[in-house]
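Only the coordinates and a few stated rules stand behind these numbers; no lab work does. Note that the structure is a prediction, hence the values are computed from the model and not measured. Cβ: placed from backbone, ideal geometry, glycine included. Neighbour counts: every protein chain shown.
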Amino acid sequence: MCGHRDVATLDHFLPKSVYPEYSALSINLVPVCPYCNNEKGNKLGDAAGRRFVHAYYDTLPEMELLVADVTVDSSVFVTFRIDRPSGFADPLIDNLEYHFKELKLGECFESEAFDELTGRAGMFHYQYANNGGEQGLAAMLSVEAVSERRKAGLNSWRVALYNALARNRDFCSSGFRLLSREDWDF
Ligand SMILES: [Zn+2]
C-alpha cells in the first residue's frame with residue numbers, strides 16, 4: 001500500500017471485524033507491510049472517494065501523481081503530496097488522496113528522503129566540485145530520477161524527490177551543503 005517497504009503481512013481489505021464472511025477470501029487478502037497494515041487498522045473507507053486503493057483492482061493512470069516539494073532554508077526540507085492533474089476528475093484520485101493521508105505516506109517518504117539525502121551528502125559535494133558545479137549536480141540528480149523511474153516506476157518517492165531536487169536551483173547551487181556538517185575535501 002506504500003509501494004515502498006517490505007511486504008510481510010496480509011491485510012483484510014474489508015476488515016474482518018465488519019465483514020467476517022470475507023476473512024478467508026483470497027481477493028480480500030492483500031499483501032502489505034506491517035506499518036500500512038497497522039495504520040489501515042479497521043478503517044473501512046466506506047464512501048466514494050474515501051476508499052483505499054486496492055492492489056488488485058485499481059490501476060493508477062500513467063502520470064506523475066506523487067510530487068515532492070523542496071525548500072532550502074536553514075536546512076533542506078522535503079514534503080510529498082498527491083498532485084491532481086487539473087481537470088482530471090477520476091474518483092480513483094480521490095481514493096489515492098485518502099489512501100496517502102490515512103496511511104501517513106507523506107511522513108513515511110519524508111523520513112526516507114531525509115535518510116537518503118544525508119547519506120548521499122558526500123556524493124553531492126563530489127559531483128559539484130568535480131563535475132560541473134550547479135549544472136553538473138542538477139544533471140546527476142536528473143539521471144537519478146530517470147534510473148529510479150525505470151526501476152521502481154513513475155510514482156516512486158525517489159523519482160519525485162530527485163526530480164524536485166534537480167529543478168531546485170537553491171539546492172543545486174549551495175543548499176546541498178546544509179545536509180552535512182563535515183568538510184568534504186574532494
Ligand atoms: Zn506499506
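For a quick check, take a GNM of the chain with Cα springs below 10 Å and name the residue from 150, 81, 167 with the largest mean-square fluctuation.
Per the Cα network of the chain with a 10 Å cutoff, 150 tops the list.
Would you be so kind as to identify which of 95, 143, 70 lies farthest towards the positive end of the dipole of segment 59-146, taking Lys and Arg as +1 and Asp and Glu as -1 on Cβ and the Cα centre as origin?
Checking the options against the dipole of segment 59-146, the answer is 143.
Angle between the Cα long axis of helix 91-102 and the longest principal axis of the chain, 0 to 90 degrees, nearest 10?
70 degrees
Looking at the chain as a GNM with Cα springs under 10 Å, which of 60, 105, 96 has the largest mean-square fluctuation?
Highest fluctuation among the options: 60.
Which angle between 0 and 90 degrees, to the nearest 10, do you get for helix 105-119 versus the longest principal axis of the chain when only C-alpha atoms count?
Taking the Cα atoms of the chain, the angle to 105-119 is about 30 degrees.
Which whole-number percent is the relative contact order of the chain (Cα, under 8 Å, 6+ apart)?
21 percent
Semi-axes of the equivalent ellipsoid for segment 31-147, please: Cα gyration tensor eigenvalues, times 5, square-rooted, ordered largest first, whole Å.
They are 34, 17, 13 Å, listed from largest to smallest.
Which peptide among 47-57, 28-38 comes first, and what is the full order, when sorted by highest mean count of other Cβ atoms within 10 Å?
Per-residue Cβ counts within 10 Å, averaged per peptide and sorted highest first, yield 28-38, 47-57.
Give, in nm to one decimal, the length gained when the segment between residue 24 and residue 130 is fully stretched (0.36 nm per residue of separation minus the Cα-Cα distance).
Gain on stretching residue 24 to residue 130: 32.4 nm.
Between 26, 74, 86, find the one with the highest GNM mean-square fluctuation for the chain; connect C-alpha pairs within less than 10 Å.
Taking springs between Cα atoms under 10 Å, the residue moving most is 86.
Give me the lysines in straight-line cross-link reach of residue 43: C-alpha distance below 25 Å, same-chain residues under 8 apart excluded.
Once the sequence-local lysines are set aside, what remains near residue 43 is 16, 101, 104.
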